[in-house]
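Below is one structure, written out as structure tokens; the observations come after it.
The values are calculated or read from the model by the stated rules, or taken from the named source; none is laboratory data. No experiment lies behind these values; they were computed from the predicted model shown. Here Cβ is always computed from backbone atoms with ideal geometry, including for glycine, and neighbour counts include all displayed protein chains.
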Amino acid sequence: MVDHISCNGKKIILIGTAHVSRQSAKLVEDTIHEQTPDKVCVELCATSLASLKDADRWRNMDIVKVIKEKKALLLFINLLLASFQKKMADKFGIKPGQEMINAINAAEKINARIVPSDREIQITLSRVWRGMGLWEKLKLMFSLVFSFGASDDINEEDIEKMKQEDILQTLLADVKKTHPIIEKTLINERDQFLAEKIRSAPGEKIVAVVGAAHAPGIKKYLAGNEKIDLDELNIIPPAGKTGKILKWAIPAAIFLLFAAGFLMEGKSAGTDMIWIWIAANGIFAGIGAALALAHPLTIASSIIAAPLTSLNPMIAAGWVSGLVEAFSRKPKVKDLEAIPEDIVSIKGFWRNNVTRILLVVIFTNLGSTIGTMTAVPLMLKMIN
């Protein structure tokens, strides 16, 4: 799909593509060679563009830094999305994002400047995450995990139909029906961002390569000719008040529950409540780490840490176990290099030392949460 648009005295050639389509990749290359634009705008953020051009980008990843900066979950989601796209691309013999690769190569051949025009993926995912409740977040994770098998049933005709959807939309089709934040953040906001970056790109003739799902929105905002505030679209909303309150209220309520046990039922009951708390949190966190095939030291650390971290709003059991796993099985260069291939299969996620660390963080935190939900009702039963 190619549209010719006039905007602010510029000629914009907008190409709507499917991200794993041979036809789209060829269309992009042919159009750039025919039009010889001054600039080529691509639906990539600056980080993604650098990663696409750097085949060894995984070697530079610091997994310990990722855990300390609390970005393990975002990285995991990124890898799941990359896995889905790569599985489909491998199935049809085309590299993920081949149309973007073609755009970059074609632009370099005619000495046209490449303009990364998308919002940073971390900002987009953070805005989605901050706009969702706990239940919505759980549904989002399940949707992404179950997407592992989704690509096995997709044929080449379906790939062409995907020109009408963003790849994130495809993965989150069921979730987005009931959660407008996904449609708003993944599509509408990025339509605005892309439109403004394309409109403000210097040059008289511009070729813009975007996913077809964004083309209608971009055309609408370009036609409106109203300046869009990119700074506002880059703001990561603060955590919701409810989350902040619960972050401190739950530990406070647990301490009050302990106190009530001692005061109302005596020392023996209060002590039993503490042991219930320790056992439930420790056991379930340990099970979570074990399911991620963590190192024995990591499993032990999750069992010890979970009862304490569940009462500390500033730290999570998964961060402790993730760091222990990172130091117990320090990822090697071969693990970093193998990430693109290992993320294609579930087995690969567990086999690779880097991705297994992410699983340890997520599963330990999930186990600790289940432990808390199990312990509280048992403790309440002890207070008559």
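Of note:
- Residues within segment 205-223 that are in a loop (DSSP other than H, G, I, E, B) and either of a type in the set (A, V, I, L, M, F, W, C) or touching a Pro at 6+ places or on another chain (Cβ under 9 Å) (or both), tallied: 2
- For segment 299-318, a residue qualifies if it is farther than 19 Å from Leu257 by Cα and either more than 25 Å from the chain's Cα centre (by Cα) or surrounded by fewer than 19 Cβ atoms within 10 Å (Cβ to Cβ) (or both), and the qualifying residues are Ile299, Ala300, Ser301, Ile303, Ile304, Ala305, Met314, Ile315.
- Under the condition of being without any contact (Cβ under 8 Å) to a residue 60 or more places away in the chain, in a helix (DSSP H, G or I) and closer than 19 Å to Pro202 by Cα, the residues counted in segment 1-50 number 0.
- Here Leu378 fulfils each of the conditions (1) surrounded by 17 or more Cβ atoms within 10 Å (Cβ to Cβ); (2) part of a helix (DSSP H, G or I) apart from (1).
- The number of residues in segment 319-348 that are closer than 18 Å to Ala72 by Cα, surrounded by 15 or more Cβ atoms within 10 Å (Cβ to Cβ) and touching a residue at least 60 places away in the same chain (Cβ under 8 Å) comes to 9.
- Residue check for Ile283: under 15 Å from Val320 (Cα atoms), among the aliphatic types (A, V, I, L, M), modelled with pLDDT of 95 or more and in a helix (DSSP H, G or I): no
- Once segment 288-298 is narrowed to residues that are buried (at least 19 other Cβ atoms within 10 Å of the Cβ) and among the hydrophobic types (A, V, I, L, M, F, W, C), the residue that is nearest to the chain's Cα centre (by Cα) is Ala292.
- The set of residues in segment 17-39 that are of a type in the set (Val, Ile, Thr) and more than 15 Å from Asn105 (Cα to Cα) comprises Thr17, Val20.
Yes/no per residue for (1) among the hydroxyl-bearing types (Ser, Thr, Tyr); (2) farther than 20 Å from Asn188 by Cα; (3) at pLDDT 75 or above:
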| site | (1), (2), (3) |
| --- | --- |
| Cys41 | no, no, yes |
| Thr47 | yes, yes, yes |
| Asn60 | no, yes, no |
| Val64 | no, yes, yes |
| Pro96 | no, yes, no |
| Arg127 | no, no, yes |
| Lys139 | no, yes, no |
| Ser143 | yes, yes, no |
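- Within segment 314-321, none of the residues are outside any helix (DSSP H, G or I), out of contact with any Ser or Thr (no Cβ under 7 Å at 6 or more places or on another chain) and under 14 Å from Thr355 (Cα atoms).
- Selection status of Ile114, modelled with pLDDT under 90, crowded, with 16+ Cβ neighbours inside 10 Å and either of a type in the set (Val, Ile, Thr) or outside any helix (DSSP H, G or I) (or both): no
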